[in-house]
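Only one structure is covered here, and it is reproduced in the block below.
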Amino acid sequence: MPVLDGEAEHPREDHPAAKWMRECFSFTKAEIIVAQGLLAGKTAEDIAEDRGASVATIRTHIRHLLEKTSTRRIADLIALLSNLP
């Protein structure tokens with residue numbers, strides 16, 4: 001499971017998984033952070049609290065992640081991203 005440095009709140013931009021997410025799916029930095037949180041088993045509420053953002057904002061990022069990866073469910077998104085190089 002490619003959580004960057006074990007810290008979903010502070011991804012390293014130069015980490016291979018972050019680069020892959022950005023290059024293959026055009027994820028923004030915020031989307032990478034949310035994806036990392038999901039990969040770490042966090043809920044939208046957990047990620048919102050960690051980031052000091054609203055749950056609605058995090059859910060918007062999740063919707064964008066699903067759209068960009070052509071997945072329909074968070075479980076499918078996590079399965080896809082869990083297989084990152």
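Miscellaneous remarks
- Between the amide H of T43 and any residue lying 5 or more places away or on another chain, no distance stays under 5 Å, with hydrogens modeled in the peptide plane.
- Rounded to the nearest 20 debye, dipole of the stretch 11-85 from Cβ charges on Lys, Arg, Asp, Glu: 180
- Loop-located trypsin sites (Lys or Arg not before Pro) in the stretch 20-85 (DSSP state other than H, G, I, E, B) with a sparse environment of at most 12 neighbouring Cβ atoms within 10 Å: R72, R73.
Laboratory data are not the source of any read-out in this text; all were calculated from the coordinates shown. Note that the structure is predicted; figures quoted are calculated from it, not measured. Virtual Cβ from ideal backbone geometry, glycine too; neighbours counted across all protein chains shown.
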